[in-house]
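A short write-up of the structure that comes next.
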Amino acid sequence: MVFIIWLCASCSQTDPEASGQLRMIDPAPAWVDGELMIMAGLDWRPSEAVIEAMEHGVAVPIRITTRSLRVHGRLRLLDRDRNHRYEVRYLPMLRSYQIADTKSGQQRNFPRLHMLTDSLRQPQPWATGLTTADLDEGRFRVEIRGQLDRTRLPSPMRMPVWFDPEWRAVSARWHWDLDDAIIDG
């Protein structure tokens, strides 16, 4: 039974960029205080189903994942995987939208949803965990990807949204092979 559900879910997947709901804006690696960061904004356009869920009290989870892969010839092995998690919710008593960083607990409120999405478009640093000392030990590839994290939705919603295209907000995966140009930059 589980295999059939998995097969149906994988066959129903569409091109991540086809929906146009979530994409990384101009990501670029940059060194900040000795750590490699990926500077990027996030263009998120929530679907009507997502907005309706927020208006009914559902916190919508967004995850930005940065990966560092150690390169050995043609083989790439996962070295570090960083998840930056946020929750977006509507606060009906305040008539505002809130974005909260689940790790730090930092919260920002916006009177309109478009103001929240505009703030996400501003470039910000996403930590990779790589330092210049790590690059002395070998070659690396770094990647970044954003997505609506359906696995963190409330339990009763997880299965129905898995098959709903309005909940498939996944950006393309961006990657860079670290070479002398990035190291010196």
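Derivation of every value follows stated rules applied to the coordinates shown; laboratory data play no part. Given the structure is predicted, the values throughout are model-derived calculations rather than measurements. Cβ: placed from backbone, ideal geometry, glycine included. Neighbour counts: every protein chain shown.
Details
- Taken one residue at a time, the phi angles of the range 92-100 give Karplus couplings (6.51, -1.76, 1.60, θ = phi - 60°) of x, 5, 8, 6, 9, 9, 10, 10, 10 Hz. Gly and Pro are set to x.
- Using just its DSSP H runs of length 4 or more, each adding -39500 (n - 2.57), the chain gives a mean residue ellipticity at 222 nm of -6500 deg cm²/dmol after division by all residues.
- Estimated FRET transfer efficiency (Ala127, Ile25; beta-carbon r; R0 25 Å; 0.05): 0.90
- Correct option for Rg and Dmax of the Cα atoms in Å [calculated from the coordinates] among (i) 19.6, 73; (ii) 24.6, 84; (iii) 18.0, 56: (iii)
- Test item: Cα-centred dipole of the chain, Lys/Arg +1 and Asp/Glu -1 on Cβ, debye: 580 debye
- Selected from Leu148, Leu91, Ile25, residue furthest toward positive end of dipole (the chain; charges at beta carbon): Leu91
- Under 5 Å, built H, 5+ apart or other chain: amide partners of Ile62: Tyr86, Glu87, Val88, Asp149
- Residue-by-residue Karplus 3J(HN,Hα) for the range 34-50, coefficients 6.51, -1.76, 1.60, Hz, glycine and proline x: x, 10, 7, 10, 10, 7, 6, x, 10, 9, 10, 10, x, 6, 4, 5, 5
- Here's the picture: a label point sits 7 Å out from the Cα of His175 along the beta-carbon direction, and within the range 133-154 the residues with their amide nitrogen under 11 Å of it are 141-144.
- Inter-site label distance for Asp118 and Thr151 at 7 Å from Cα along Cβ, in nm: 3.5 nm
- Across the range 44-185, the mean sequence separation of Cα contacts (distance under 8 Å, 6 or more residues apart), normalised by length, yields a relative contact order of 27 percent.
- If the segment from Val71 to Arg45 were pulled out straight at 0.36 nm per residue, it would be longer than the present Cα-Cα gap by 5.9 nm.
- Under 5 Å, built H, 5+ apart or other chain: amide partners of Arg173: none
- Taking amide H atoms as placed 1.01 Å from N in the peptide plane, the amide H of Arg139 lies under 5 Å from those of Val71, each 5 or more residues away in sequence or on another chain.
- Degrees between helix 2-11 axis and first principal axis of the chain (Cα, 0 to 90, nearest 10): 80 degrees
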